[in-house]
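Structure record follows, encoded as structure tokens.
The values are calculated or read from the model by the stated rules, or taken from the named source; none is laboratory data. This one's a predicted model, so the numbers in the text were calculated from it and none came from an experiment. In this analysis, Cβ positions are derived from the backbone assuming ideal geometry, glycine residues included, and neighbour counts consider all displayed protein chains. When the accessible area is computed, the model is the full protein with side chains, heavy atoms only, and any ligands, DNA or RNA have been set aside. Shrake-Rupley method; radii C 1.70, N 1.55, O 1.52, S 1.80 Å.
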Amino acid sequence: MTFHILRHNPQEPQSRPQMVTYEMDEAPGMTLFIALNAIRDEYDPSLQFDFVCRAGICGSCGMLIDGRPGLACRTLTQTLGEEITLAPLPAFKLIGDLSVDTGQWMRGMSERLETWVHGQEEIDLDRLEAPMEPTLAEEIYELDRCIECGCCVAACGTALMREDFIGAVGLNKIARFRLDPRDDRTDADYFELIGDDDGVFGCMTLLGCQDVCPKDLTLQTQIAFLRRRMIATG
Ligand code: SF4
Ligand code: F3S
Ligand code: FES
């Protein structure tokens, strides 16, 4: 296999973005995680990339794989061609090579949308721990499967053009809290948060988000539903 990897270290003033080529033999069941570690071992220990769980859970290994956002730990090399191009996810601050700071972006989005249960002046454990209808719990759990990998943001033309756009990941979180009976926020409150071009009305239905989401979340359905609700509210 031949890997073409976009290398750049913004911490080093003399560093310039460049494609660097590495060659290696493919092994059965090889993932990009294994391949990148082998490249780091055999060629260059300074190659930067992120992995924690290696199981599609932590969301840290998102990168552009042949131009398409995806999780490197869940991508088998046998599903790709003999020439593989890797680059960092756009839309996020570059740390170095394939490593980007999705955490800073996700934190900003979460603080802006206040992605926590609202409305209870005092902690009411009876209410917080009240049994929930299993079907409702299932619906909330489904939306909570987001691992904040950032692939949907990197795949979204709107997010790349408008840095304040909250993206499908942010809209999915609002859909999740709207469902939660412990959250007292109303649609009017949500309208304040997402009823503009940086929110649900900025989405141009480009569908890249849903195409690349490694958790197969129904992002487009959630966004379309939220848009209808916000139109009714506004
Ligand atoms: Fe990743 Fe999907 Fe969550 Fe977007 S919605 S951050 S693609 S898991
Ligand atoms: Fe972007 Fe997805 Fe909307 S790709 S424009 S958030 S449908
Ligand atoms: Fe955790 Fe890939 S290393 S999702």
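Overview of results
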item: Phi to ³J(HN,Hα) by Karplus 6.51 cos²θ - 1.76 cosθ + 1.60 over the range 190-201, Hz, x for Gly, Pro; result: 5, 4, 4, 7, 10, x, 9, 6, 7, x, 5, 8
item: Nearest 10 degrees, 0 to 90: helix 134-144 Cα axis against the chain principal axis; result: 40
item: Surface/4 of the Cα convex hull for the range 33-188, nm²; result: 11.9
item: Carbon and sulfur %, accessible surface of the chain computed with the full protein complex present, 1.4 Å; result: 49
item: Fully extended contour minus Cα-Cα distance, from Ile231 to Thr21, at 0.36 nm per residue; result: 70.6 nm
item: Highest-fluctuation residue, Arg182, Arg112, Arg16 considered, GNM on the chain with Cα pairs under 10 Å; result: Arg16
item: Within-10-Å neighbourhood charge of Arg112 [Cβ basis; K, R +1; D, E -1]; result: -3
item: Selected from Ala137, Ala154, Ala175 as most flexible by GNM, with the chain as the system and alpha-carbon contacts under 10 Å; result: Ala137
item: Contact order relative to length of the range 51-103, as percent, for alpha carbon pairs under 8 angstrom and 6 or more apart; result: 29
item: Surface accessible to a 1.4 Å probe, per residue, for the residues of the chain, Å²; result: 53
item: The range 14-114: radius of gyration and largest Cα-Cα distance (Dmax), Å; result: 14.4, 47
item: Karplus (6.51, -1.76, 1.60) ³J(HN,Hα), θ = phi - 60°, over the range 98-103, in Hz, Gly and Pro reported as x; result: 9, 9, 10, 9, 6, x
item: Scattering profile of the range 56-124 at q = 0.11, 0.12, 0.27 Å⁻¹ [log10 I(q)/I(0), Debye over alpha-carbon scatterers]; result: -0.40, -0.46, -1.22
item: Long-range HN-HN contacts of Thr31 with modeled amide H, under 5 Å; result: Thr77
item: DSSP bridge orientation in the chain - percent antiparallel, rounded to nearest 5; result: 80
item: Solvent-accessible area of Ser60 with every protein chain in place, 1.4 Å probe, in Å² to the nearest 10; result: 40
item: Segment Ile123-Asp211, length gained on full extension (0.36 nm per residue, minus Cα span); result: 27.7 nm
item: Overall form of the range 132-205 per C-alpha gyration tensor (a/c, 1.5; a/b vs b/c); result: oblate
item: Estimated inter-spin distance, Tyr141 and Ala224, nm [label 7 Å along Cα→Cβ]; result: 2.6
item: Karplus 3J(HN,Hα) series, Hz, for the range 162-169 with 6.51 cos²θ - 1.76 cosθ + 1.60 (x for Gly, Pro); result: 10, 5, 8, 5, 7, x, 5, 5
item: Cα centroid separation - the range 1-18 against the range 93-149, whole Å; result: 34
